[in-house]
Each structure stands twice: as C-alpha cells, then as structure tokens.
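Some notes on the structure that comes next.
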Amino acid sequence: DRDVYKYYADGEWRTSSSGKSVSIINPTTRKPEYKVQACTQEEVNKAMASAKEAQKGWAKTPLWKRAELLHKAAAILKENKAPISECLVKEIAKPKKDAVSEVVRSGDLVSYTAEEGVRILAEGKFLVSDSFPGNERTKYCLASKVPLGVVLAIPPFNYPVNLAVSKIAPALIAGNALVLKPPTQGAVAALHMVHCFHLAGFPKGLISCITGKGSEIGDFLTMHPGVNCISFTGGDTGIAISKKAGMIPLQMELGGKDACIVLEDADLDLVAANIIKGGFSYSGQRCTAVKVVMVMESVANALVDKVNAKVAKLTVGPPEEDCDITPVVSESSANFIEGLVMDAKQKGATFCQEYKREGNLIWPLLLDHVRPDMRIAWEEPFGPVLPVIRINSVEEGIHHCNASNFGLQGCVFTRDINKAILISDAMETGTVQINSAPARGPDHFPFQGLKDSGIGSQGITNSINMMTKTKSTVINLP
Ligand code: G3P
C-alpha cells in the first residue's frame, strides 16, 4: 500500500513485512488521515541490533562532531516547520500557530542540547585518595561520563515532535543510539522529524523510528534486552513500564493534577490570564496544564467572574483556523472528559458555561463549587474543563494538592513572597511556579514529577546526565 508511511531503520525507509498498517484518525474530521506501518517484533530486533552496532562507532565520534550533526538536524527541522506542523494539525488537532511553535522550539532544543553537551560532557573529575581515612596519596581517580548504550524514547501524542527530540538530542550528544516509538497520533509528524535527522547525515542504524500497535510491540520494546535506558512521557502506561522494565535507568514523566492556589492578596487579573493560558491552551491536553483551581472564598466570586469573561472570548473550532479550543485527540478521550463533567454535575457542581460537545470538540467549561467527592477534583481530564474548589485556608489548598497521587507542578498566586516560598516548600510537587501557570519550559530548567508523576528529572542538562554513566580509571602509584 503506497499510502502507508514507511518506518525508519538502519538508515532506510522501510515497509513492514507484517503487511499491516495502523490508521491515524484526524480528531477534527474523525476520519482516517494517514497510515503507518505496523512493525513486527522481528523488525524491532533488527533495529535494536543495528542500534547497538552503530552506537559503538558513535561513542568514539568526537563530541564536537556529534554536536555539529545535531546543529545540522536542528536547522533542517526548523526549515521544515511547515510540513511538520501540518501533520500536527491533522493528527493531533493542535492549533496551527502552536504546531509551528512546537517545531521551532524543538529545533532550539536540539541546538541548545548540542551546546550544553559539549560543555558538560567535557568535564570529568579528578580525585586523590588521601582524603579518606587510612589512605595515602597513592591513588588518582579519573572519572568521566560515558554513554549508556541504546536509549528507547517513547513520547506522547501531545508533543510528538518536541517530547521526542527532548529525548533524542540528549541521548545522541551523550553518545547513545536511539530507538523511537512515536505515539500513533503524531507518528507521521515524528517520522517527518526523524527524516530531518536522516538528512543531517547521522550514521546508519544510530536512530530508528518504529511505528506500530502498542499491543504488539509495546512490551516487546520496553522489555527488550537491547535497551539500556527508557525515557517515557505519557500516562499510566508509564507505571506499567516501570514495573516491567529491567535494571536500567528510567526517565518517566506521567500525568499531573497541577493545582493553582490563589491567595486573597493575589493580582486577580494576572491569575485569570494564567488560568486561561494554563488551563485551556491546547484544550487542556498538557501534563502541566492547570487542572484544579483552589481559591480563597473571599476572592472566589471576583476571580470566577474574571475567568468567565475570558472563557467567553476563547474561539472554538478547527485547528486549521487557529482556534483556541480544538477537538480533543480521540473520541474515547472526549467520552472520558464527559464522564468527569457528568459526575460533577450530578454531585452538584456549578457549571459556569453550558456543557457543549460536537464530536471530539468540547467547549471550554469552568466548574465552580467543586467538592472533594467529585472525580474531577482528583482525576486529570486532559481536556478544556477546569474545576474550581473554594477554600477557607491556605492549608486546605496545600492539603488537597498533597493528597493527590500526582505531584508534577503547582502554582501559587500572592503578592507576599514569604508566603509564596513557604507554600512552595509545603507543596509536594516537582516544581512550584510563583505567580505563573505551570510549564515545562524554558527547556533547560529541571522538570520532574513526584509520586505517580514520574521518575528522575528532565530538562536538557539533567537529561544529558541521566543518559550517561560514570566511568572511573584509578591510577595506583607505587
Ligand atoms: O504534557 C507534557 C508536558 O511536558 C508539558 O509541557 O511545555 O506544555 O509545559 P509544556
């Protein structure tokens, strides 16, 4: 079938021997838009073998040369922002402007990673033995960072390009090979992105992109003995992967229920603007989206009014027209969101707007007076619906935030920096933003989740370090 996008292995574009394909449904039209190869386990084995082989040579390639290739890939990626963003619009209904920003941000991320890599990987450690009791100065230890081997990268649908390169670039600069399993929605954008790396001229086999059904190759990939590190971003699947994976370093970024705590002295216009940006950009389909607002009762009416005025201005419609709110990624996702909304309605939440849905398109909705017995107080909708819980003390807000299984980010709005710091210290999340909505970027900042939100820390510098191990050579003097 000529319409099926080929997968990438051993430096070539290939058709799977399975003869099967996976359809990608356009969330807006709800009709098949693209098809990708359904790769077999045998094809995974081959990609792993060539990755292993290519990695040996790559680890010996001078660091500056590795950086040079990454810079080249970054430039090609940016040149191709139009076709790649078009795929993002069709595959994941990302508004056109955001789709272009995702590609440009990805190019910047790759270049920054190359720069950061040449700096931090140049540094090692030199230690002498006589600081530890009982030792003379007879041992010199030279420690440096060496690659892990083959890194398996599994990004999610919401940033199929950016969250792929945030794993690919650090893996490559550190001297690893990379096997990418893109999400089904977003696979074609990812294949185009991989083509940019292909054009940059990386050694064959070093990068591969295996498409297919999670049910057939998911566990096979994550449990493959050839994998030396897994970097995963996504949902609950990550918990299952971490239980099944072997004794290898894991980098996991899973869901979040990012809380926004609003104090009485907060600048409510600033809060409202951040709730809109944080809660509704890409229709709430971000791990770092604001997923629950906890506002002090005394300012709750004023805040809800301000947010509602802004919700009324959000445009709703197709991603091609750059609407603020676009269809969510799949019908099952829309059904799940609707389930949370209906549960809240039945339990007495106040709907600030009328609930409206057409196909996968859900109109933005603020739910006021949400209480802890409602599912939406705890679960992440990954959609444009946002609960507001009114609180009578800051402690109540912190308590709700910390009672969550998640611990990705949180934010606090107040003009009192001392209070903000104390609240930040008390919130059990990987990051707390003071006076701004949660966000992963800028991409060199550390990015991590506690509890069910993840393992390890990302961000460019942390990812490079995580994808290396320390190797020591000890010189023993007579
Ligand atoms: O949802 C994934 C997470 O990495 C979000 O990134 O840039 O939207 O904060 P960002």
### Task
Work out the FRET efficiency for residue 82 and residue 136 from their Cβ-Cβ distance, taking R0 = 51 Å, and round it to the nearest 0.05.
0.20
### Message
If amide hydrogens are placed 1.01 Å from N in the peptide plane, which non-local residues have theirs closer than 5 Å to the one on residue 436?
### Response
412
### Query
When the Cα centres of the range 435-478 and the range 130-144 are compared, how far apart do they sit, in Å?
27
## Note on the structure
The local net charge around residue 8, scoring Lys/Arg +1 and Asp/Glu -1 for residues other than residue 8 whose Cβ lies under 14 Å from its Cβ, equals +2
### Accessible surface of the range 66-163, 1.4 Å probe, proportion on carbon and sulfur as whole %
55
### the range 45-154: trypsin sites (Lys or Arg not before Pro) falling in loop per DSSP and having at most 11 other Cβ within 10 Å
137
### Query
P(r) for the chain: what percent of alpha-carbon pairs falls in each 10 Å bin, starting at zero?
4, 20, 28, 24, 15, 7, 2, 0, 0
### Rounded, prolate or oblate (a/c below 1.5 giving rounded, otherwise prolate when a/b exceeds b/c) for the range 1-99 by Cα gyration tensor
oblate
### Task
Report the full-extension gain for the segment residue 435 to residue 298: residue separation times 0.36 nm, less the Cα-Cα distance, to one decimal in nm.
47.4 nm
### Message
Only sites in a loop by DSSP and with at most 15 other Cβ atoms within 10 Å count here; which GluC sites (Glu not before Pro) in the range 251-347 make the cut?
### Response
264
### Query
Roughly speaking, what is the centre-to-centre gap between the range 180-226 and the range 345-360 when only Cα atoms are used, to the nearest Å?
39
### Message
Tell me the angle of helix 331-346 to the major Cα principal axis of the chain, expressed in degrees between 0 and 90 and rounded to the nearest ten.
### Response
40
## Note on the structure
Here the net charge surrounding residue 258, from other residues whose Cβ is less than 12 Å away from its Cβ (Lys, Arg +1; Asp, Glu -1), is +3
## Note on the structure
Listed by chain and number, the aspartates and glutamates with an alpha carbon less than 20 angstrom from that of residue 60, same-chain partners under 8 positions apart left out, are 10, 68, 115, 116, 123
### Query
Under 20 Å from the 7 Å Cα→Cβ point of residue 31, by amide nitrogen: which residues of the range 73-99?
86-94
#### Entry: Low-density loop cleavage sites - trypsin sites (Lys or Arg not before Pro) in the range 305-409, where at most 15 other Cβ are within 10 Å (DSSP)
313, 347, 356
### Task
Would you mind counting up the charge near residue 441? Only other residues with Cβ under 12 Å from its Cβ, with Lys and Arg at +1 and Asp and Glu at -1.
0
### Sites residue 418 and residue 277 - FRET efficiency at Förster radius 30 Å, r taken between beta-carbons, to 0.05
0.70
### Task
Mind giving me the FRET efficiency for residue 321 and residue 12? R0 is 35 Å, r the Cβ-Cβ distance, nearest 0.05 is fine.
0.40
### Summary
Rounded to whole Å², per residue accessible area for the range 1-112 with a 1.4 Å probe reads 50
### Query
Going by alpha carbons, how many degrees (0 to 90, nearest 10) lie between the helix axis of 268-280 and the longest principal axis of the chain?
60
### Task
Give me the accessible area per residue for the range 400-478, probe 1.4 Å, as a whole number in Å².
46
### Message
Can you tell me the orientation of helix 297-311 relative to the chain, as the angle in degrees between its alpha-carbon axis and the longest Cα principal axis, to the nearest 10?
### Response
70
#### Entry: Cross-link pairs 291/419; 81/313; 6/167; 97/345; 125/181; 291/469 - those with Cα-Cα distance over 31 Å
97/345; 125/181; 291/469
### Message
Once you order the gyration tensor axes a ≥ b ≥ c over the Cα atoms, which shape class does the range 300-451 get: rounded for a/c under 1.5, otherwise prolate or oblate by comparing a/b with b/c?
### Response
prolate
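The values are calculated or read from the model by the stated rules, or taken from the named source; none is laboratory data. In this text the structure is predicted, and so the values were computed from the model without any measurement. In this analysis, Cβ positions are derived from the backbone assuming ideal geometry, glycine residues included, and neighbour counts consider all displayed protein chains. All accessible areas refer to the heavy atoms of the entire protein, side chains included, with ligands and DNA or RNA removed. Shrake-Rupley method; radii C 1.70, N 1.55, O 1.52, S 1.80 Å.
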